[in-house]
Amino acid sequence: MDGEEDASNLMMEANSTGGVDEAPLSSTTTRRNRPIISGEPLDIEAYAGLYTGRTKINRLIFIASHCDNPAMELEALRMASDEIKKGENTQLYREVVQKIEGRLGPNYEMDTAWCSMIELKAEQRKEKLESELNSYRTNLIKESIRMGYNDFGDFYYAHGALGDAFKSYVRTRDYCTTSKHIIQMCLSAILVSIEMVQFSNVSSYVSKAEQTPEALDPPTTAKLCCAAGLAHLEAKKYKLAARKFLEVGLELGNSYSEVIVPQDVATYGGLCALASFDRTELKATILSLLSPAPPLFSIHNKVIDNINFRDFLELVPEVRELINDFYSSHYASCLEYLGNLKPNLILDIHLYDHVETLYDQIRNKALIQYTLPFVSVDMRMMADAFKTSVAGLEKELEALITDNQIQARIDSHNKILYARHADQRNATFQRVLQTGNEFDRDVRAMLLRANLLKHDCNLKASRKV
Amino acid sequence: MEALVTQIQGLSGTASDVLSLQNLLKQADDSLHAESTRLPPFLDQLDPSKHSLGYLYFLEACTAGPVTQEQASSFLLTIARFISSCVAEQIRLAPDKFICVCKRFKDQVLLLEEPLRGVAPMLTAIRKLQLSSEHLTALHPEFLLLCLLSKCYKTALSILEEDIFEVDQPRDLFLFCYYGGMISIGQKQFRKALELLHNVVTAPMSTVNAIAVEAFKKYILVSLIHHGQFPTNLPKYASSGAQRNLKNLCQPYVELASSYSNGKIADLETYVEANKDKFESDNNLGLVKQAVSSMYKRNIQRLTQTYLTLSLQDIANRVQLNSPKEAEMHVLQMIKDGEIYATINQKDGMVRFLEDPEQYKTCEMIERIDSSIQRLMTVSKKLNVMDELMSCDPLYLAKAGRERQRFDFDDFDNVPQRYNI
């Protein structure tokens, strides 16, 4: 994501024009070729230019509410309100105007005339749709009923009534005749669910779409993979999310820009993979693509499919460098890249509450990987490699050792970490004796209880007699 | 009355005579009770070691009524002498009377506030009344009570070491295990205490009784001291009443356990301070304090898993102690108790944690393992025997027969479907 901001900055300077009306699509193609060194503050216009539809507005609002920079906030809100005016969502418009609080001048105050006009039009359209739908229903033409519900769904969606939109889309299901219809329904349902942040629905509709008997065309598969990936991400299942994102084909292009763009796929997939894959899987799925030589025919299928991911990673060179560094144990630079990316990732609508967890996981993996090959490690050198103090490193290592992720002991006096392998023989003896004791105790208790119960039964029996 | 005495003297020879004597005595019991005040002189005519059964009846009738202070100590002497010299087989013919006499003995001893006098006689009484060492009599809890009150715990340990399998009255078992648990706690044998208290808490009971509630409170505390954690749910074999109600009745203790599991000593101490009165009223305050100090121990033990060497200052910081001196004291105590293996280097102020030196290669270890195996085999055999007995039990067969399928073609057992007793 950062890549294109910087590229666009350079581009902006070159063109010396700015503003929303810059054609975003053309800039994406040129951005891919720019090398990037470090992250910079998010360029909102370029960022928002990648997306279309409602997600653009949502992302802008999210950035506005979460960033610290008031200039950035105002910029985001301004763009958001411009975008909303192009649509028909009066509710959202009111919210955004409230947030602006008149700071952007008279053009951005509550335009009640526009609101009432839109609402009037909405009423009229709704009545029209209802009457059409009723007539279709009486005629019992499946296709028309389906389209009627679909139109209703679109109408509600445009006006921000997401629950109603979802219901309408789901109702079309009964009238779907071909798999194309089903896929269309699923995609619409997924779109609305993502916006409603109900990812359980997303997963179920993705699986429904994938179950259609016909083969899906590549853009659709790509879209479904993305949606599934997002669902897993939300459920904190980073490994599954990474796998899904890696499966996304290049055909995604900009076809799903109302939800996600290729840069996002690369970032999410790369970070999740780094946090959750082990070394072999990481190499097999991502790193083999980073080598310059093209693969031969005989190479395993997974790798060939993932040539695509290499192209995705090209869009976010920082993530690519990051993964490379991690694999080759240049932890300091890896962590530096991560640190640079962080401020912008926090502003991402899907990733923001996972950033901390992912970062912690990546850092822990780095620490574990560092200590793995050694019998003893000098903690001072390790602290340098990780750009932290010895005391801080000691705390982190202690947490990992207690968690049983590193098998080692810390010599706090000399600041050395010694690998420690449990003595199997002693441990076995100990366990044997302990099991024997427990068995003895439990059986005796059991016999005692049985006796008590027998006594109870005898009492009852004697009472009966 | 005199006739009875002569009969006793005459018929106390052989076993068959003793049986007929018993019938006679049973018939004469009421008249004995009626004339209880006149009986003491007759006691001198009887010899407890030969005429134990008769003596017992007389003694029981004598002590039935209210006893004055002066009579009390003389009675104590008589009863003590009787217990030590009576014949076990004759006593076992009238166990209720014997238990009655001993209980009155205990009451007298407590009245005179000299529980120590009662400990030895009670122990002899138990040994004489028991059918086998696995048998729990009604006297066991009385004995343990006397030991507790007189603070001579060591004598009680010999009784506690035995395995109990046969029980007359469940209430005896509850009291026995409860007192036994308390004695074990006093001797700092927390594993045994846990075992005994566990038996009380998980014993089958149709309604929750007060003994179980008190035992549960101590069970929580001992569990924290010994294991460092408390399992929130009772095992499945505990009675349903216990599972539902015990936790509600011991609320402050359950909260103490959850506060302990959070690992913050400061929180634990504030909680203890806040609820001090409740703990005190249950007489559990000492145990609670032990639980709190066990937390330090557990934290230090956890450090041995992560560190090879650690400075005393660091230990003090991590375990939230006040100074390195305190840390040193704690570590020293733990090394002495054998809870950790370490060496303290006072010059550097460093502690070096060592591995458990036990190599499991010595002869003693082999013997230990061997005896453990033997013991387990005996217990296992016992289990099998009980299982077989149970399978032949008519009640069980009736129930199992009833629950079988009506039409089971593959199964042509001889057990009929309806089994009438």
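Each reported figure results from applying straightforward, stated rules to the coordinates on display, with no laboratory input. If you're wondering where the values come from, they're calculated on a predicted model, not measured in any experiment. Virtual Cβ from ideal backbone geometry, glycine too; neighbours counted across all protein chains shown.
Using the Cβ of A:Leu233 as centre and a radius below 12 Å, the other residues enclosed give a net charge of +1, where K and R count +1 and D and E count -1. For chain B, leaving out every one of the chymotrypsin sites (Phe, Trp or Tyr not before Pro) that falls in a DSSP loop and has at most 13 other Cβ atoms within 10 Å, the longest unbroken run is B:1-236. Using R0 = 25 Å, the C-beta based FRET efficiency linking B:Asn23 and A:Asn458 works out to 0.45.
When the expected Rg is taken as 2.2 N^0.38 Å, what fraction or multiple of it is the alpha-carbon Rg of the stretch A:147-215?
So the Cα radius of gyration is 1.03 times the expected 2.2 N^0.38 Å.
Listed values for the stretch B:184-191 are Karplus-derived 3J(HN,Hα) couplings in whole Hz (6.51 cos²θ - 1.76 cosθ + 1.60, θ = phi - 60°), namely 4, 4, x, 8, 6, 9, 6, 5, and x replaces Gly and Pro. For B:Lys128, a cut-off of 14 angstrom between C-alpha atoms picks up these aspartates and glutamates, skipping any fewer than 8 places away in its own chain: B:Glu89, B:Asp96.
Extension gain, B:Lys264 to B:Arg375, is 35.8 nm, computed as 0.36 nm per intervening residue step minus the present C-alpha separation. Would you mind classifying chain B by shape? Square roots of the alpha carbon gyration tensor eigenvalues, ordered a ≥ b ≥ c; an a/c under 1.5 is rounded, otherwise it is prolate if a/b is larger than b/c and oblate if not. Taking the square roots of the gyration eigenvalues as a ≥ b ≥ c, chain B is prolate. Estimated from helices alone, the mean residue ellipticity of the protein assembly as shown at 222 nm is -22000 deg cm²/dmol (sum of -39500 (n - 2.57) over DSSP H runs with n ≥ 4, per residue).
Mean-square fluctuations from a GNM of chain B, with a 10 angstrom spring cutoff on Cα atoms, peak among B:Cys100, B:Cys250, B:Cys363 at B:Cys363. From the alpha carbon centroid of the stretch A:187-252 to that of the stretch A:49-94 is 25 Å. If R0 is 41 Å, the Cβ-Cβ spacing of B:Arg92 and A:Arg425 corresponds to a FRET efficiency of close to 0.20.
Taking a sphere under 12 Å around the Cβ of B:Gln22 and counting the other residues whose Cβ falls inside, with K and R at +1 and D and E at -1, yields a net charge of 0. Extending 7 Å from the Cα toward the beta-carbon at both B:Gln313 and B:Leu285 defines two label points whose distance is 3.8 nm. The residue among B:Thr304, A:Ala399, B:Leu196 whose Cα reaches farthest toward the positive pole of the charge dipole of the protein assembly as shown, with charges on the beta-carbon of Lys, Arg, Asp and Glu, is B:Leu196. Shown here for the stretch B:282-373: trypsin sites (Lys or Arg not before Pro) in loop regions (DSSP other than H, G, I, E, B) with at most 11 other Cβ atoms within 10 Å, namely B:Lys347, B:Lys361.
Result for chain B in a Gaussian network model with C-alpha springs under 10 Å: among B:Gln71, B:Gln320, B:Gln290, the largest mean-square fluctuation is at B:Gln71. Taking other C-beta atoms within 10 Å as the exposure proxy, B:Thr78, B:Thr137 rank B:Thr78, B:Thr137 from fewest upward. When Rg and the Kirkwood Rh are both derived from Cα coordinates, the Rg/Rh ratio for the stretch A:413-460 amounts to 1.50. Panel order for B:Val5, A:Val375, by other beta carbons found within 10 Å of each beta carbon, from fewest to most: A:Val375, B:Val5. For B:Ala342, the residues whose modelled amide H falls within less than 5 Å of its own, excluding neighbours fewer than 5 places apart on the same chain, are B:Leu354. On a per residue basis, the convex hull of the C-alpha atoms belonging to the protein assembly as shown measures out at 320 Å³.
Rounded to the nearest 10 degrees, the angle from helix B:251-262 to the longest Cα principal axis of chain B is 30 degrees.
Between 0 and 90 degrees, the angle of helix B:240-249 with respect to the longest Cα principal axis of chain B falls at about 60 degrees. Residues whose amide H falls under 5 Å from that of A:Ser376, counting only those 5 or more places apart or on a different chain, are A:Ala419, with hydrogens built in the peptide plane. The HN-Hα couplings worked out from phi for the stretch B:95-108 by the Karplus form 6.51 cos²θ - 1.76 cosθ + 1.60 (θ = phi - 60°) are x, 4, 5, 4, 4, 4, 4, 5, 5, 5, 4, 5, 4, 4 Hz, whole numbers, x standing for Gly and Pro. If you sort the three axes of the alpha carbon gyration tensor as a ≥ b ≥ c, you get a/c of 1.5 or more for the stretch B:96-160 and a/b no higher than b/c, which makes it oblate.
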